[in-house]
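The values are calculated or read from the model by the stated rules, or taken from the named source; none is laboratory data. Predicted, not measured: the structure shown is a model, and the values here were computed from it. Backbone-built Cβ (ideal geometry, glycine too); neighbour counts: all protein chains shown.
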Amino acid sequence: MSTAVIDAPVSHATVVRLRAAAAAVEQIKNDAPQQFPEAASVGDAVRQGDIYIQKIDDISETPLLYTRTLHPVFPLQLAEGNTKGSRHCLAHGDGVTVYSPVEAGSREMFAQLAEMRGISTAEPNWRPRLQEAEWAERRANPAAPTNRLTAQDATTMLAFAGPILRLTKANTIAHPEHGDWLLPPGTYRITYQRTVARDNTVIRVWD
């Protein structure tokens, strides 16, 4: 199919209307506050710049690979950095419990994976026992992934993991550029956006 451009005179009134419409579009802001749906289901998520805010099942204890943050400071910044784009901030601490991810590759990460398998970290050889347990799980069913988190899986997950927020009262995740998200009470997991680099590795996206 071919197209043709037809030059035709445009009236002054049309020009005025087009300019007014363009001006109105320019005034539309992408930083207007938005409401996380009250009826959202577990697993539903929204994006604010380079972070995702996902509703998850309520929790009664500290999740695996997380530790409870005892004295968080509010407004609580949810992404590392000191740039304007990194200022995703939970507005207040009223009714908030914060769980922070452990560091990827840390002793705490391996310790939690060992304890999940019933291996005591009080034993001097607990790290080799953890590795042996992972190998045994793979050998038991090499054609299917293990139903237990491995050290490799945990390291990958933690590279993109932000805090988990348990809210008993409504709160707001504010951002100076991407608009605020108003959150009803619930439990939310923060994760960071990822992309594939030129060398086919998966890397985090930064605002």
Tell me yes or no: at least one residue of the stretch 32-41 is more than 13 Å from residue 164 (Cα to Cα), assigned to a loop (DSSP other than H, G, I, E, B), at pLDDT below 95 and touching a Lys or Arg at 6+ places or on another chain (Cβ under 6 Å).
yes
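Residue-wise test of (1) of a type in the set (Lys, Arg); (2) modelled with pLDDT of 90 or more.
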position: 45; (1), (2): no, yes
position: 48; (1), (2): no, yes
position: 51; (1), (2): no, yes
position: 65; (1), (2): no, yes
position: 68; (1), (2): yes, yes
position: 85; (1), (2): no, no
position: 88; (1), (2): no, yes
position: 92; (1), (2): no, yes
position: 95; (1), (2): no, yes
Sole miss for residue 120 among (1) of a type outside the set (Lys, Arg); (2) part of a loop (DSSP other than H, G, I, E, B); (3) modelled with pLDDT under 95 is condition (3)
Whether any residue in the stretch 33-46 is over 28 Å from residue 149 (Cβ atoms), exposed (fewer than 13 other Cβ atoms within 10 Å of the Cβ) and among the β-branched types (Val, Ile, Thr) is what I want to check.
no
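Identify, please: which residue in the stretch 76-86 is in a loop (DSSP other than H, G, I, E, B) and out of contact with any helix residue (DSSP H, G or I) (no Cβ under 8 Å at 6 or more places or on another chain) and is, among those, surrounded by the fewest Cβ atoms within 10 Å (Cβ to Cβ)?
Of all residues in the stretch 76-86, those in a loop (DSSP other than H, G, I, E, B) come to 78-83.
Keeping just the survivors that are out of contact with any helix residue (DSSP H, G or I) (no Cβ under 8 Å at 6 or more places or on another chain) gives 78, 81-83.
Numbers: 78: 21, 81: 13, 82: 7, 83: 10.
Of everything passing the filter in the stretch 76-86, 82 is surrounded by the fewest Cβ atoms within 10 Å (Cβ to Cβ).
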With the requirement that a residue be modelled with pLDDT of 90 or more, surrounded by fewer than 14 Cβ atoms within 10 Å (Cβ to Cβ) and among the β-branched types (Val, Ile, Thr), what does the stretch 157-207 give you?
168
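Can you name the residue in the stretch 123-151 that is among the polar types (S, T, N, Q) and at pLDDT below 85 and, of all such residues, is farthest from residue 109 (Cα to Cα)? Steps first, answer last, please.
Taking the stretch 123-151 and keeping what is among the polar types (S, T, N, Q), we get 125, 131, 141, 146-147, 150.
Among the residues that remain, those that are also at pLDDT below 85 are: 141, 146-147.
Working: 141: 24, 146: 18, 147: 17 Å.
Applying the filter and picking the extreme gives 141.
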Considering only the stretch 51-75, state which residues are out of contact with any strand residue (DSSP E or B) (no Cβ under 7 Å at 6 or more places or on another chain) and either surrounded by 16 or more Cβ atoms within 10 Å (Cβ to Cβ) or among the hydroxyl-bearing types (Ser, Thr, Tyr) (or both).
60
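Within the stretch 87-110, how many residues turn out to be without any contact (Cβ under 8 Å) to a residue 60 or more places away in the chain, surrounded by fewer than 17 Cβ atoms within 10 Å (Cβ to Cβ) and in a loop (DSSP other than H, G, I, E, B)? Reasoning before the result, please.
Our first condition is that a residue be without any contact (Cβ under 8 Å) to a residue 60 or more places away in the chain; within the stretch 87-110, this holds for 93, 102-110.
Filter again for surrounded by fewer than 17 Cβ atoms within 10 Å (Cβ to Cβ), leaving 93, 103-108.
Adding the requirement that they be in a loop (DSSP other than H, G, I, E, B) leaves 93, 103-106.
Residues that pass the stated criteria total 5.
Go through the stretch 56-75 residue by residue and tally those that are in a strand (DSSP E or B) and either free of Cβ contacts under 8 Å to residues at least 60 places away in the same chain or more than 17 Å from the chain's Cα centre (by Cα) (or both). Step through it out loud before you land on a result.
Looking only at the stretch 56-75, we keep the residues that are in a strand (DSSP E or B), and these are 56, 66-68.
Retained after the next criterion (residues that are either free of Cβ contacts under 8 Å to residues at least 60 places away in the same chain or more than 17 Å from the chain's Cα centre (by Cα) (or both)): 67-68.
Residues meeting the conditions: 2.
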